[in-house]
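Step one of this worksheet: look at the structure below.
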Amino acid sequence: MTTLITGGTGLIGACLAEKLLSRDEPVVLFDLAAAEWRIAPLRVHGDRLQVVRGDVQSLVELLDVVRAHGVTSIVHLAYLLGVECNTIPERATRINVLGTLNVLEAARLSGIERVLLASSIAVYGADEQYSPAQRPLREDVPLHVASGLPIYGGGKLFLEHVAATYAEQYGITTGGLRPSIVYGWGRERGTSAFTGELIDRTAVGEPVRVGFGDARVSVVYVEDVAEQFLALLDADRRVLARRRFFNTGGDTCTVREMAGVVKRLIPDARIEVTSAGERDIAGLPASVSDRSLEEELGYKRTFTPLEAGVRAQVAVARARAGLPPLPL
Ligand SMILES: NC(=O)c1ccc[n+]([C@@H]2O[C@H](COP(=O)([O-])OP(=O)(O)OC[C@H]3O[C@@H](n4cnc5c(N)ncnc54)[C@H](O)[C@@H]3O)[C@@H](O)[C@H]2O)c1
């Protein structure tokens, strides 16, 4: 069993890699800009960890890596994140849309049995686009695409449809997650960058200023997302034939409330929260259910309520900075 993770040195990929390596499974991380600073601790696993610099825009590079390493399953995470896509739509579309197609083609041409992909809650709309009876959102509600993320979210809709096509046409087991806003150490980009500001920087004693104070968000800790991908890698293929994409779910709060959790854990944290009255971030929903994962795969999030995940991330941030743990 060798798993190829595209975008594998990113936030979610590195965490998933750590879990696979801990089960003694070989992992290949395929990434355009291999973030050695993030994956350095994984090097203790020696040759079971392979890092290959490559671009999902190239089918040839994907085929080469799949064949050279005897890859048996793929987790496709490489993607350009968030509102950045609006300013570079052509590049974003090539990476996000063509890249996804290339990953599935590489799987088809190489006889890979399972491809998991990261969709997003950006396929939904903001909470107010749904009736109270539809919230928290389950996977079968109408998909409007978050208003502030047309290229990013539109690409995720394509990703879900093309994943279904490859399952139906070629018998590949495909599926994945619709993650809420993922927080975890080292989050510097995308719509979730505010969580890195809030947690990583205050954990090491730096002052921070975050916006969107009154915006409501659904946030999930990276360890839970990695465990959920693991559960999907292990799942019977019939589970994914019944439902292809599962919400990760998350804890619902405002950015200000998240700052309050950090402040409770680190009383001398210097956090300034500002607000221009936004009710959401980029039109993302804040009320998202993880019941399907629990009912259909038996996965219950470990890092909930929010404080549990924040506490874990503060510990990682301190350790990475070579600082002693806080008495949390
Ligand atoms: N972080 C979140 O809040 C969140 C929420 C919902 C969905 N997701 C999805 O989860 C996936 C992983 O997110 P993440 O938070 O780990 O992101 P990340 O930015 O930390 O990691 C993405 C990785 O992809 C790599 N990459 C970018 N373009 C590439 C290319 N052309 N070829 C190869 N690699 C390339 C980047 O170098 C980076 O290491 C993405 O598909 C993202 O859309 C993330």
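Each principal axis of the Cα cloud of the stretch 101-214 was taken in turn, and the coordinate range along them, longest first, works out to 52, 37, 21 Å. Approximating the spin labels as points 7 Å out from Cα along Cα→Cβ, the residue 158-to-residue 234 distance works out to 3.5 nm. In the complete set of protein chains, residue-level accessible area for residue 299 is approximately 30 Å², probe 1.4 angstrom.
Can you pull the semi-axes for the stretch 188-328, root of five times each eigenvalue of the Cα gyration tensor, sorted largest first, whole Å?
Largest first, the stretch 188-328 gives 29, 19, 11 Å.
Report the far tail of the P(r) of the stretch 149-250, meaning the percent of Cα-Cα pairs longer than 18 Å.
Working: 3031 of 5151 pairs.
Of all Cα-Cα distances in the stretch 149-250, 59 percent exceed 18 Å.
With a 1.4 Å probe and all protein chains left in place, how much of the accessible area of the stretch 254-322 comes from carbon and sulfur atoms, in whole percent? Looking at the stretch 254-322 in its full context, I get 50 percent from C and S. When nucleic acids and ligands are ignored and a 1.4 Å probe is applied, residue 185 ends up with an accessible area of around 60 Å².
Going by Cα centres, the stretch 286-328 and the stretch 15-56 are how many Å apart? Here the two parts' Cα centres lie 22 Å apart.
May I ask what percent, to the nearest 5, of DSSP beta bridges between residues of the chain are antiparallel?
So the antiparallel bridges amount to about 10 percent of the total.
Note on surface exposure: 161, 69, 45, 144 rank 161, 144, 69, 45 by accessible area, highest first, 1.4 Å probe. As a size descriptor, the averaged projected area of the C-alpha convex hull of the stretch 29-93 was calculated at 5.4 nm².
Across the stretch 243-326, Cα pairs under 8 Å and at least six residues apart give a relative contact order of 38 percent. Calculated FRET efficiency, residue 68 to residue 300, Cβ-Cβ distance, R0 = 45 Å: about 0.75 to the nearest 0.05.
Ordering 131, 192 by accessible surface, largest first, gives 131, 192; the 1.4 Å probe counts only protein heavy atoms, with every chain in place. Relative intensity of the stretch 284-328 on a log10 scale, I(q)/I(0) at q = 0.14, 0.20, 0.26 Å⁻¹, equals -0.52, -0.75, -0.91, per a Debye sum over C-alpha point scatterers of equal strength in the absence of solvent.
Dipole of the chain computed with +1 at Lys/Arg Cβ and -1 at Asp/Glu Cβ about the Cα centre; of 277, 133, 111, farthest Cα towards the positive end is 277. Shown for the stretch 73-128 is the translational diffusion coefficient from the Stokes-Einstein equation, using the Kirkwood radius over Cα pairs, a temperature of 10 °C and a viscosity of 1.306 mPa s: 125 µm²/s.
Using a probe of 1.4 angstrom and keeping all protein chains present, the accessible surface of the chain works out to 41 square angstrom per residue. Straight-line reach from residue 19: taking Cα to Cα under 12 Å and skipping same-chain neighbours fewer than 8 places apart, the aspartates and glutamates in range are 223, 224, 227.
For Cα pairs less than 8 Å apart in space and 6+ apart in sequence, what is the mean separation divided by the residue count of the stretch 58-132, i.e. the relative contact order in percent?
43 percent
The residues 30, 158, sorted by heavy-atom accessible surface at 1.4 Å with ligands and nucleic acids left out, run 158, 30 from largest to smallest.
Largest first, the three principal axis extents of the alpha carbons in the stretch 1-142 are 51, 32, 31 Å in whole numbers.
Here the stretch 25-150 has 57 percent of its accessible surface on carbon and sulfur atoms, given a 1.4 Å probe and all protein chains in place. What is the distance in Å between the Cα centres of the stretch 136-161 and the stretch 176-190? Here the two parts' Cα centres lie 16 Å apart. The accessible area of residue 91, taken with all protein chains in place and a 1.4 Å probe, comes to roughly 90 Å². Rg then Dmax, both in Å and based on the Cα atoms of the chain: 18.9, 57.
For the stretch 246-328, rounded, prolate or oblate, judged on the Cα gyration tensor with a ≥ b ≥ c (square roots of eigenvalues), a/c < 1.5 rounded, else prolate if a/b > b/c? Note, shape of the stretch 246-328 comes out oblate. Relative contact order for the chain: what percent, with Cα pairs under 8 Å and sequence separation of 6 or more? After rounding, I find 18 percent.
The values are calculated or read from the model by the stated rules, or taken from the named source; none is laboratory data. Keep in mind that what you see is a predicted model, and the values were worked out from it rather than measured. Note that each Cβ is placed from the backbone with ideal geometry, even for glycine, and that neighbours are counted across all protein chains shown. Please note that ligands, DNA and RNA were not included when accessible areas were found on the heavy atoms of the full protein model with its side chains. Shrake-Rupley method; radii C 1.70, N 1.55, O 1.52, S 1.80 Å.
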